[in-house]
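Engineer: This structure is in structure tokens; I'll ask about it shortly.
The values are calculated or read from the model by the stated rules, or taken from the named source; none is laboratory data. Because the structure is a prediction, the values reported are computed rather than measured. Positions of Cβ are backbone-derived with ideal geometry, glycine not excepted, and every protein chain shown enters the neighbour counts. With ligands, DNA and RNA removed, areas are computed over all heavy atoms of the protein, side chains included. Shrake-Rupley method; radii C 1.70, N 1.55, O 1.52, S 1.80 Å.
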Amino acid sequence: MQLILRPYQASDLESLVKHANNFNISKNLTNKFPFPYEKKDGEAFIQLALSHKPLQIKAIVVDNEVVGSIGVHQLTDIYSKSAEIGYWIAEDFWGKGIVPLAIKEMLKYGFETFDVERMFARTSHANLASQQVLKKAGFIFEAELKGTIFKNGEYFDELIFGFRKHQLI
């Protein structure tokens, strides 16, 4: 299995929509990630992903097929030395060790590209797989915020995991 992170291309649309149109993925992401995930959503996302200079969002490509996304988004103002990392991968690829590798590669890219000292990721208390992925990638649990996520009619606790630049090996 060959893993590559690269910029999105217009030709990725079919694969993106095929893999993103999954309730089990959307339930763990913000409401900006729709379900059902349609062609118009994929077109808008690819356009967004290509609009940032420098690049913030990359396609996760396995064996020449887009199977997910990963992004680094630098914050502003007093938070400008931090960036949020976010990701998803197609359900068929869960548990195969791909996301920790993608995160490690994106951490390197993020610290080289953006003037940040810390990257963080947020997940819900119910998303145990994402918590394990972050720990495997070297993130450290930083905080738990009670009942701050409201998704699909339910409240969830928000867990924040951080990674400091000096942790890069």
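Engineer: Please go through segment 19-37 and pick out each residue that is surrounded by 13 or more Cβ atoms within 10 Å (Cβ to Cβ) and either touching a residue at least 60 places away in the same chain (Cβ under 8 Å) or part of a loop (DSSP other than H, G, I, E, B) (or both).
Structural biologist: Taking segment 19-37 as the starting set, the residues that turn out to be surrounded by 13 or more Cβ atoms within 10 Å (Cβ to Cβ) are 19-22, 25-29, 33-35, 37.
Those that are surrounded by 13 or more Cβ atoms within 10 Å (Cβ to Cβ) and either touching a residue at least 60 places away in the same chain (Cβ under 8 Å) or part of a loop (DSSP other than H, G, I, E, B) (or both): HIS19, ALA20, ASN21, ASN22, ILE25, LYS27, ASN28, LEU29, PHE33, PRO34, PHE35, TYR37.
This table checks each residue for (1) within 17 Å of the chain's Cα centre (by Cα); (2) at pLDDT 95 or above; (3) basic (Lys, Arg); (4) under 17 Å from ILE89 (Cβ atoms).
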| residue | (1), (2), (3), (4) |
| --- | --- |
| ARG6 | yes, yes, yes, yes |
| ALA10 | no, yes, no, no |
| LYS18 | no, yes, yes, yes |
| ILE25 | yes, yes, no, yes |
| LEU29 | yes, yes, no, yes |
| PHE33 | yes, yes, no, yes |
| GLU38 | no, yes, no, no |
| GLY42 | yes, yes, no, yes |
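Engineer: Just name the residue that is farthest from SER11 (Cα to Cα) out of those in segment 59-90 that are open to solvent by less than 70 Å² (accessible area, probe 1.4 Å) and outside any strand (DSSP E or B).
Structural biologist: Top of the filtered list is SER80.
Engineer: Another question, if that's okay. Looking only at segment 124-169, count how many residues are more than 15 Å from ILE103 (Cβ to Cβ), open to solvent by 30 Å² or more (accessible area, probe 1.4 Å) and of a type in the set (D, E, K, R).
Structural biologist: The qualifying residues number 4.
Engineer: If you go through segment 112-123 one residue at a time, how many are touching a Ser or Thr at 6+ places or on another chain (Cβ under 8 Å) and either open to solvent by 70 Å² or more (accessible area, probe 1.4 Å) or on the phi > 0 side of the Ramachandran plot (or both)?
Structural biologist: Result for segment 112-123: 2.
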